[in-house]
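Notes for the one structure printed next.
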Amino acid sequence: MSSTRFLTGITTSGTPHLGNYVGSIRPSVRASQADHVESYYFLADYHALIKIDEPSRIQRSTLEIAASWLAAGLNPERVTFYRQSDIPEIPELTWLLTCVTGKGVLNRAHAYKAAVDKNSASGQDPDMDVSAGLFMYPVLMGADILMFNAHLVPVGRDQIQHIEMARDMANSFNHRYGEHFVPPQAVIEESVATLPGLDGRKMSKSYDNTIPLFAPREQLKKLIAGIKTDSRAPGEPKDTEGSALFQIYQAFASDEEAQALRSAYANGIAWGDAKQILFERIDREIAPMREAYEDLINHPAKIEAILLAGAAKARQRATPFMAELRHAVGLRKLGDQTKTAAQKATKAALPNFKQYREADGQFRFKLVDAQGRLLLQSLGFESPRQAAQAIGLLQKQGASALPELTSQLEALDVDMADVTAALAQLAAAG
Ligand code: TRP
């Protein structure tokens, strides 16, 4: 049975927090354990360069994110786990995709557009502080996905547009050069709620309200004590609705545990006690991983070896695939005149002329499209040369030769636009 390929990347621009764990790390580690899936997990460090110009932060974040995935149970034997910048085929593919992507499409990408709109709104030059890297980011992401012909890409809502762009890139490349890419699909995890942060807004580095996933025990406790609550005193019933503390608890607790805390809220539990319950529940899940995490962080060479092995595995696919793509677009050794199977298939899918002799002894030709539908039918010619001349004229001049030939053609009930398109397609194929 052939398997479905999943692929997901995390930009190495920060320290993983509980929101990343609940929204991305935990569900993808679980998904990677299912049968008949082939998964690709990578550290998107080229992407980090778009946002961060502090080299040591990129290195540190790469280490922390890799250690987090591994500590959370990602099995590098079972999945392909690698660092983007270890795969030189990815930037190479980025260029091929750049050349089949409309600039207008990239103009509409959310991240780029938001930056430009913000500048314009404040009366600045629209392109102020906008790097070409930010502009090109969807193409790099397209290359990440298409390099491994992933079928499914689990992402947050903000990334759906990028997956659609990757589909467009796959289709335009296939249209020009034959079928090489599978258009990918986004998978949106509806069930995974976004986790609120310390202040109740979505947990996010940009709000500075995060709880680091592997904060040491004491720090975890302190941070949880800082979660925003209302001013209700011990003994007063409390609302679970809109309570960040309760929502975070729910992301870790079983249904029964959540139900128990719900009752405790109704019965007026003190905020301090609720925070203690939350701390213990999170720590119960995280503590065993924290040990593995700390061991990995203290042995970066172990992680490095795992990533290099992952890159070698990824390149077993990427290297031959890139060779196929280079050939497809015409980046070829000059001695090599052979045609790829895909090219032959394209040729077979073209309209074509057929020349033949009728029972009446006259010579005729017809033009049929790839599906065998009759587009042009000639009347009889005295010699095969005359028929060939008419064909030559159509091949050379396309539809503009038609008026000259009307007296030699049968009137057919076909759309002239189809005939024109077929002739243009033949001319383009040479
Ligand atoms: N852009 C993604 C993010 O910011 C990270 C990413 C890069 C990614 N390349 C990818 C995700 C390919 C999925 C597939 O979240």
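Just so you know, all these numbers are worked out from the coordinates, no wet-lab data involved. Not measured: the values here are computed from a predicted model. Note: ideal-geometry Cβ built from the backbone for every residue, glycine included; neighbour counts use all protein chains shown.
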Query - Approximate shape of the chain as ellipsoid semi-axes (Cα gyration tensor, √5λ), whole Å, largest first - result: 60, 24, 21
Requested in this report: Straight distance only, please: which aspartates and glutamates reach the Cα of K51 with their own Cα at less than 12 Å, same-chain residues fewer than 8 apart left out?
Outcome: D129
Report task. Would you give the gap between the C-alpha center of the stretch 11-54 and the C-alpha center of the stretch 201-251, rounded to a whole Å? Result -> 23 Å
Query raised in the report: Of the listed peptides 148-159, 368-379, what is their order by residue-averaged count of other C-beta atoms within 10 Å, with the highest listed first?
Result: 148-159, 368-379
Query raised in the report: Could you put E241, E64, E291 in order, starting from the residue whose Cβ has the fewest other Cβ atoms within 10 Å?
Result: E241, E291, E64
Report summary line: For the stretch 214-296, using Cα atoms only, the Rg and Dmax in Å read 13.5, 45
Report task. Pull up the cross-link candidates among the lysines for K275, meaning alpha carbon to alpha carbon under 21 Å and not fewer than 8 places away within one chain. Result -> K202, K221, K222, K228, K238
Report task. Quick one: which residues, 5+ away or cross-chain, put their amide H under 5 Å from the amide H of L409? H built at 1.01 Å from N. Result -> L379
Query raised in the report: Packing-wise, with mean Cβ within 10 Å as the measure, how do 21-28, 211-218 rank, highest first?
Result: 21-28, 211-218
Requested in this report: Compute the separation of the alpha-carbon centres of the stretch 293-321 and the stretch 117-146 and state it in Å as a whole number.
Outcome: 30 Å
**Report entry** Estimated dipole of the chain in Debye, rounded to 20 [Cβ of Lys and Arg +1, of Asp and Glu -1, Cα centre]
**Finding:** 860 debye
Report summary line: When T94, T240, T319 are arranged by how many other beta-carbons sit within 10 Å of their Cβ, fewest first, they go T319, T240, T94
**Report entry** Using θ = phi - 60° and Karplus 6.51 cos²θ - 1.76 cosθ + 1.60, couplings along the stretch 99-111 (whole Hz; Gly, Pro as x)
**Finding:** 7, 10, 10, x, 4, x, 5, 5, 4, 8, 5, 4, 5
Query - For L195, distant residues with modelled amide H under 5 Å away - result: M203
Requested in this report: Inverting the mean 1/r over all pairs of different Cα atoms, compute the Kirkwood radius of the stretch 340-428 and quote it in Å.
Outcome: 13.5 Å
Report summary line: Among G235, T12, L409, the residue whose Cα sits farthest towards the positive end of the charge dipole of the chain, when +1 is placed on the Cβ of each Lys and Arg and -1 on the Cβ of each Asp and Glu, is L409
Query raised in the report: What lysines sit close enough to K302 to cross-link, taking a C-alpha to C-alpha distance under 25 Å and skipping anything fewer than 8 places away on the same chain?
Result: K313
Query raised in the report: What's the extension gain from H299 to S254 if we count 0.36 nm per residue and subtract their Cα-Cα distance?
Result: 12.8 nm
**Report entry** For the stretch 105-194, the spread of Cα positions along each principal axis, largest first, Å
**Finding:** 45, 39, 15
Query - Value of [θ]222 nm, deg cm²/dmol, for the chain, DSSP H segments ≥ 4, -39500 (n - 2.57) each, nearest 500 - result: -16000 deg cm²/dmol
Report summary line: Karplus-derived 3J(HN,Hα) from phi for the stretch 298-314 (6.51 cos²θ - 1.76 cosθ + 1.60, θ = phi - 60°), whole Hz, x at Gly and Pro, runs 7, 10, x, 5, 5, 5, 4, 5, 5, 5, 5, 5, x, 5, 4, 5, 4
Requested in this report: Can you find, among L261, I277, L140, the residue farthest towards the positive end of the dipole of the chain? Put +1 on the C-beta of Lys and Arg, -1 on that of Asp and Glu.
Outcome: L140
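Of the beta bridges DSSP finds with both residues in the chain, what % are antiparallel, to the nearest 5?
So the antiparallel bridges amount to about 45 percent of the total.
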